[in-house]
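Report on the structure given below.
The values are calculated or read from the model by the stated rules, or taken from the named source; none is laboratory data. Predicted, not measured: the structure shown is a model, and the values here were computed from it. Counting neighbours? That spans all protein chains shown, and the Cβs are built from the backbone with ideal geometry, glycine included.
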């Protein structure tokens, strides 16, 4: 075991040589300083694995693009996608109490959204011996996951990470999929459509072995790889750099066979603040959020005995970093994955897509809605977007209550982000059919600032604007 190993294996795409060397160096630093038997990393750019590399410290210990590692709590992102599929199919609502769908649950009143966001207040770990190192047969029934007091905090108020909460989500999936095991549902509905054949509940060769590294000596101890049974939705999956690259691309772009981009964007919207008073991150619906070196990232970290994993995505740069190691502790795996993405974003920033005119015939009525509008005396501008969409933004300066809007079939628009997210935009017309004003969630936008004859709530002073 004291063999120095090889100098690393590297695969590259279209990245510049200097960038590839910086990536390999960052991976090597993580493996050496973290004293990891092996460490594998990759960068996904524009939906494709642009670089991958591996470093090892023991013979046969290195991974590679197609070698499985256990990915721990990154499993939760897959579970969350399955739950959001059920929501989008109309089989549940995020506000539903769990007991509506899973009779006899230990926490029937917590909602689906609270479980996804770790705001249910349920215990962080399951009852009994360390669940990650013991077989699931010790917890054969759902009631075996919790002690007599499942809840540690009031539901919906705080972020409190709960592994058994995701076990309950696994039961929810099975209940609404006719009793089929959640892993089977995952394979059929998600993994197969995305071509992720190397993501499995149990290890499949080639795969790495998990190790513990002594904190004060350079010696190793093998870690058990247990089937965690009912707790498997919390962290059971094994995967590869190649498959996680596909997963990262999906989490950014969506795939209508699995889940649309709009729902994935909803998943990475902060749900509740985390438990710390000083923080640079949060949690959405099954996705962690982090601010790293000035960039906003989403993804997830994972750990199981013998393994560490991290996946961070920068949607603004369309780049993701992945890092996997086969040791219980040591490497700063989250920083490594974030740094891999950051190296590419800093050295080879994203080149914007070329501007192109809107497709299809021009709708003159929509074009007539564009230009300056006023909320009171605040000047805004309305722009026409693709697919008959609209965008409202402050005409100049920061702030303002702007949003993008999606066109609906009834002639209205729905806010997609910003202050007016979820609110309805209506074009209000006068008796002669001409446009009177825009009503955006009761906010009235007129063509002039406080026009005397304008439909301004509360009316306008009859004398109008005046000097001193």
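Do we find a residue being in contact with a strand residue (DSSP E or B) (Cβ under 7 Å, 6 or more places away or on another chain), part of a loop (DSSP other than H, G, I, E, B) and closer than 25 Å to residue 267 by Cα anywhere in the range 444-461? Within the range 444-461, none of the residues are in contact with a strand residue (DSSP E or B) (Cβ under 7 Å, 6 or more places away or on another chain), part of a loop (DSSP other than H, G, I, E, B) and closer than 25 Å to residue 267 by Cα. Out of 96, 109, one residue alone is within 23 Å of residue 283 (Cβ to Cβ), touching a helix residue (DSSP H, G or I) at 6+ places or on another chain (Cβ under 6 Å) and surrounded by fewer than 19 Cβ atoms within 10 Å (Cβ to Cβ). It is 96.
Within this structure, residue 30 passes the test of being assigned by TED's automatic domain parsing to the domain that holds residue 301, at pLDDT 95 or above and in contact with a helix residue (DSSP H, G or I) (Cβ under 6 Å, 6 or more places away or on another chain). Kindly establish whether residue 444 is surrounded by fewer than 17 Cβ atoms within 10 Å (Cβ to Cβ) and farther than 13 Å from residue 382 by Cβ. The answer is no for residue 444.
Looking at residue 137, is it surrounded by fewer than 16 Cβ atoms within 10 Å (Cβ to Cβ), touching a residue at least 24 places away in the same chain (Cβ under 8 Å) and in contact with a helix residue (DSSP H, G or I) (Cβ under 7 Å, 6 or more places away or on another chain)?
Yes, satisfied.
Within the range 35-54, count every residue that is outside any strand (DSSP E or B) and out of contact with any strand residue (DSSP E or B) (no Cβ under 7 Å at 6 or more places or on another chain). So the count comes out to 2. All told, residue 405 falls short of being over 16 Å from residue 388 (Cα atoms), in the same structural domain as residue 381 (by TED's automatic domain parsing) and surrounded by 17 or more Cβ atoms within 10 Å (Cβ to Cβ).
Determine if the range 220-230 includes at least one residue that is part of a helix (DSSP H, G or I), more than 16 Å from the chain's Cα centre (by Cα) and assigned by TED's automatic domain parsing to the domain that holds residue 306. Looking through the range 220-230, at least one residue is part of a helix (DSSP H, G or I), more than 16 Å from the chain's Cα centre (by Cα) and assigned by TED's automatic domain parsing to the domain that holds residue 306. Which one of the conditions (1) within 19 Å of residue 72 (Cα to Cα); (2) at pLDDT below 85 does residue 148 fail to meet, given that it meets all the rest? Status for residue 148: all satisfied but (1).
Checking the range 343-362 against the condition returns a match, with at least one residue being buried (at least 17 other Cβ atoms within 10 Å of the Cβ) and out of contact with any strand residue (DSSP E or B) (no Cβ under 6 Å at 6 or more places or on another chain).
Of the strands (runs of 3 or more DSSP E) that lie entirely inside the range 259-347, those containing 2 or more residues that are over 25 Å from residue 157 (Cβ atoms) span 295-304, 307-314, 319-325.
Note on the range 80-103: residues that are more than 22 Å from residue 288 (Cα to Cα), in a loop (DSSP other than H, G, I, E, B) and touching a strand residue (DSSP E or B) at 6+ places or on another chain (Cβ under 7 Å) total 1. For the range 169-182, the condition holds for at least one residue, the condition being that it is at positive phi and either out of contact with any helix residue (DSSP H, G or I) (no Cβ under 9 Å at 6 or more places or on another chain) or modelled with pLDDT of 95 or more (or both).
Applying a threshold of 6 Å to beta carbon distances and a minimum spacing of six or more residues, or different chains, the list of pairs starting in the range 231-243 at a residue that is under 10 Å from residue 71 (Cα atoms) and ending at one that is in a helix (DSSP H, G or I) reads 235/72; 235/73; 235/75; 236/75; 237/75. Evaluating residue 77 against the criteria (1) part of a helix (DSSP H, G or I); (2) closer than 13 Å to residue 168 by Cβ leaves one unmet condition, (2). Every test in (1) at positive phi; (2) surrounded by 14 or more Cβ atoms within 10 Å (Cβ to Cβ); (3) without any contact (Cβ under 8 Å) to a residue 40 or more places away in the chain is passed by residue 433 save one, and that test is (2).
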